[in-house]
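Enquirer: One structure follows; several queries about it will come next.
What follows is calculated from the coordinates using simple rules that are stated; it is not laboratory data. Keep in mind that this is a model prediction, so the values were computed, not measured. Virtual Cβ from ideal backbone geometry, glycine too; neighbours counted across all protein chains shown.
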Amino acid sequence: MKTTDLVKTATKFIELHTDQSYQESKIEAEEIFMHVLGMSKPKMYSNSSISMTEDEEKQISYILNKRKNDKPLSYILKNHLFYKHNFYVDEGVLIPRSETESIIDQILVKGDELYKENNRCSFLDAGCGSGCVGITIAIERPKWNVVLSDISMEAIIISKKNSQLLNQNNIKLVCGDWLKPFRANSFDFIFSNPPYISISDHRVDKSVLHNEPSSAIFSGIDGLDDIKEIIKSSKKILSDRGMLFMENGINQTNKISHLLESNEFTDISIHLDYNNHNRFTSSRKK
Ligand SMILES: C[S@@+](CC[C@H](N)C(=O)[O-])C[C@H]1O[C@@H](n2cnc3c(N)ncnc32)[C@H](O)[C@@H]1O
């Protein structure tokens, strides 16, 4: 069958059975074929027709049928591309988001400044989930000391698996409640993408609600319970002039800036995501 026809049929199936647009469905359909056939997109389209084995056909229809129940494709394929690398993901961890990916370069810039000042950068990814941020940082900056932590043992196991898949054996993994496992002055840089959605926010996508861990998403009435805890305890755990860099909901940056000020953080900056939303704050311990 012609490659374009195969992709078109799968695209229409996904569009019909999910809330996705035709364009989004096409991206997924291509990802499914690339995954099953083990081919890059250019290679796939360079063949005007594809002959699939019976097993490959079965795999494609298995994936499409799972997708019919709105299970996210990344959980079905047990894979998600983040920044430059493929990460193993399953229902035990949040699927990495493109918003988070959008800040990696800025984290590297800020961390490089710290490295220049102190000739070291000890970096914590607090609430690591799949490990996508911390492991990416460890790959990009092999001289930094990178620690990943999470309260969920499942997340720690998945982060370990990803660190092994990506050959990053110099990463330390810690299971515990935010910064409680760490001593004073342990880190020069703390990054966190904590849960930040209000428990009363009814706009959360059905597929997210039904499939992703709620402990990775919700944080009290105003969505700020975890952020407040991280700010308060970072004061102790960061080294002098150390940096706290957090992801947040789009309407939370003003409140967070005030919280940072009242906890004696300085150099407070707001950073945008790909969609130009106020999505991150960075600040320094005085
Ligand atoms: C929004 S997810 C972020 C996951 C990952 N960093 C990412 O960007 O894809 C938040 C993570 O915080 C973890 N978490 C929630 N409460 C925590 C706590 N009290 N201490 C440590 N981690 C916590 C969750 O298990 C989850 O993995």
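Enquirer: With all pairs of different alpha carbon atoms counted, what Kirkwood hydrodynamic radius in Å does the chain show?
Expert: Its Kirkwood hydrodynamic radius stands at 20.3 Å.
Enquirer: So how long is each side of the range 37-147 along the principal axes, counting just the alpha-carbon atoms, biggest first, in Å?
Expert: Projected onto the principal axes, the Cα atoms of the range 37-147 cover 58, 32, 20 Å.
Enquirer: If the cut-off is 16 Å between C-alpha atoms, which lysines fall inside it for LYS255, apart from same-chain ones fewer than 8 positions away?
Expert: By straight Cα distance, LYS255 reaches LYS228, LYS232.
Enquirer: How much length is gained on full extension from SER207 to ASN119, taking 0.36 nm per residue of separation minus their Cα-Cα distance?
Expert: That pair, SER207 and ASN119, stretches by 27.2 nm at full extension.
Enquirer: Which residues does the label zone of HIS85 cover in the range 162-190, counting backbone N under 15 Å from a point 7 Å along Cα→Cβ?
Expert: Counting only backbone N, you get 162-173.
Enquirer: Most exposed first by the Cβ proxy, i.e. fewest other Cβ within 10 Å, how do SER219, SER200 rank?
Expert: Exposure proxy ranking, most exposed first: SER200, SER219.
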